[in-house]
Each structure stands twice: as structure tokens, then as C-alpha cells.
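*Asks:* Okay, handing you the structure first.
The values are calculated or read from the model by the stated rules, or taken from the named source; none is laboratory data. It should be emphasised that the depicted structure is a prediction, and the values quoted were computed from it without experimental measurement. No Cβ is skipped: glycine too gets one built from the backbone with ideal geometry, and neighbour counts run over all protein chains shown.
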Amino acid sequence: MAQHDRNQRFRGGKGGPRRDGGRPSFARDRSPRGESPVILYGWHTVTAALANPRRTIRKLFLTENAERRLAEEKITTRVTPEIVRPSDIDRRLGPDAVHQGLLAEADPLPSPDIEDMPRDGIVLVLDQITDPHNVGAILRSAAAFAVKAVVTTARHSPEATGVLAKSASGALELVPLVTVQNLARALTEMKNSGFMTVGLDSAGNENLSAVALQAPLALVLGAEGKGLRQLTRETCGIVARMDMPGEIKSLNVSNATALALYIGATRLGLMT
């Protein structure tokens, strides 16, 4: 990800930020491909997108306080922002969204092909995890542990926008999302290209901490409650559990992901 240009002051492009006093133009536009825009809001989410040269920003809405903060931190924008009231963004997102005065409409990031994933380190594979808060938190952990990519399905997974993007806190710009049509086929392809595929399930035959992990490693996680689908379990090379010493033996899927990543990164020598 490109770093912010600290040698330039915030600017809104030619003519500066709009302050026409009218209502913000929140009508959703479409790209030449007909795609609806990705909605990004919140400080970390939007500033990470502004710093990402691969991210095309279509529209940027700022409150005066957010504009001032961008200027103070010398963060530049690549589009002319429209200055709006906080209540204008509230109406767009709902009163419970913590937007911190920033909202952007952007093009989706391209999804790499599965054969283009690096053949080292750790990759996460998500089996129909549909809660955007959980997927966003998983992406945040993935960025923290330098995960090479997150593989998810085209169906039965949340779009990389809105709540997911906010929960990811900028990680969408750091971790490639690889979208596949058939997860079992994708796992087979990964195994054939050298990945060790480890499914995580409370009923797994082995304790993850005792498995001889090797890179490239694919950790496969299922949805809360349902866990891994049967075909996914059968396709994984190993199905492992994570033993807990306390009375509660299972974790929220995003917390389980963070723990599995710590175990995996430690065993692969990535924590040094």
C-alpha cells in the first residue's frame, strides 16, 4: 500500500472542496462495467483507501471536522471532496454507523486469480462465513499476521463494502480477496500447487498446536454454528481442532481465526 504523501497539504483537487450548501449528491452511480460502488466509511477505512493506488475513488464526502483532520495529518485526496453535515452521512448510513465524518464511494478492488496467490506464508479460506462483522474482523487479523490472501466464495459471503469494510479498519486495502465459484475445487487446486490445507473444526482429529505445519499453509474456517461443510472437510488435507483449557471450548470465528493465525505463524517461524 502506498504511504500518505507527507510533503503535500490536503487539497480537494481543482477548485477545492465543494461548499455549495446544497444537499449532498448521494445518488449511487455505476462504473462502466455496471458495478455498484463500494461504500467505505470511517477514518481508518477511508484514509487507507485514499492511500491505496489500486483503489479508484469515485466520490468523497467529508464533514468540516474530517476535512480539517485530513489537512492536519497532511493526507491528500485524489478526488474533489464534497463538504457535508454529519447528519447527511447519518441519513445515508443510518444513525448507528460510526463514520467519523468520512464516506467514500469507490470501485471494487480486483479479485486475483487463485493461481496467482503467493506460494509461501499463510492463506485463509472462508467457507460461507456470512456475517460482515466477523469477516471484517478476520481481515483485520489477516493484515496483522501478514496473510497473503483471503479466499472466499462468490455466493454466501458478504460484499466487501459497508459494515465489512468498517470492521476491517483498512485491511481491505492490504489483504487480497480471492473470490471463487467452487470452494472444494479451489482447495483441490491449492493442494495440487503445494498448499497444506488445514480445516479448523471443534471435532477435528488433531490439535492444531500438535500438527507439523508447513508453508504454504491454507487455514480453512467455517461459519459459526454450521462449521465446515462436509465436502469442505473431506477436501482438506487435515481437520484440526484448537483445545481450550477453560469451561467454554469454542470461540467466535474471528477470535478463533486470530488464535489459529498465531499458532500457524509461530510454527512457521513468521513471528521472528
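*Asks:* Please determine, by comparing only the residues of region 234-263 that are assigned to a helix (DSSP H, G or I) and more than 24 Å from the chain's Cα centre (by Cα), which one is surrounded by the fewest Cβ atoms within 10 Å (Cβ to Cβ).
*Replies:* Step one: filter region 234-263 for residues assigned to a helix (DSSP H, G or I), giving 234-235, 253-263.
If we keep only those that are more than 24 Å from the chain's Cα centre (by Cα) as well, we get 234-235.
Working: GLU234: 12, THR235: 20.
Checked region 234-263; the qualifying residue surrounded by the fewest Cβ atoms within 10 Å (Cβ to Cβ) is GLU234.
*Asks:* To continue, here is another question. Among ALA146, ALA160, ALA137, ALA142, which is the only one that is assigned to a loop (DSSP other than H, G, I, E, B), closer than 24 Å to GLY199 by Cβ and modelled with pLDDT of 95 or more?
*Replies:* Working: ALA160 fails: modelled with pLDDT of 95 or more; ALA137 fails: assigned to a loop (DSSP other than H, G, I, E, B); ALA142 fails: assigned to a loop (DSSP other than H, G, I, E, B).
Answer to the selection: ALA146.
*Asks:* If I go through region 45-82 residue by residue, how many of them are surrounded by fewer than 18 Cβ atoms within 10 Å (Cβ to Cβ) and farther than 19 Å from ASP107 by Cβ? Outline the logic, then answer.
*Replies:* Looking only at region 45-82, we keep the residues that are surrounded by fewer than 18 Cβ atoms within 10 Å (Cβ to Cβ), and these are 53-54, 56, 58, 64-65, 68, 71-74, 78-80.
Then keep just the ones that are farther than 19 Å from ASP107 by Cβ; that gives 64-65, 68, 71-74.
Number of matching residues: 7.
*Asks:* While we're on this one: Restrict the check to region 190-207 and report whether at least one residue is in contact (Cβ under 8 Å) with a residue 24 or more places away in the chain, among the acidic types (Asp, Glu) and buried (at least 17 other Cβ atoms within 10 Å of the Cβ).
*Replies:* Yes.
*Asks:* Listed residues GLU234, GLU224, GLU247; which is of a type in the set (Asp, Glu), modelled with pLDDT of 95 or more and either over 20 Å from GLN128 (Cβ atoms) or assigned by TED's automatic domain parsing to the domain that holds PRO132 (or both)?
*Replies:* Values: GLU224 fails: modelled with pLDDT of 95 or more; GLU247 fails: modelled with pLDDT of 95 or more.
Checking each option against the conditions leaves just GLU234.
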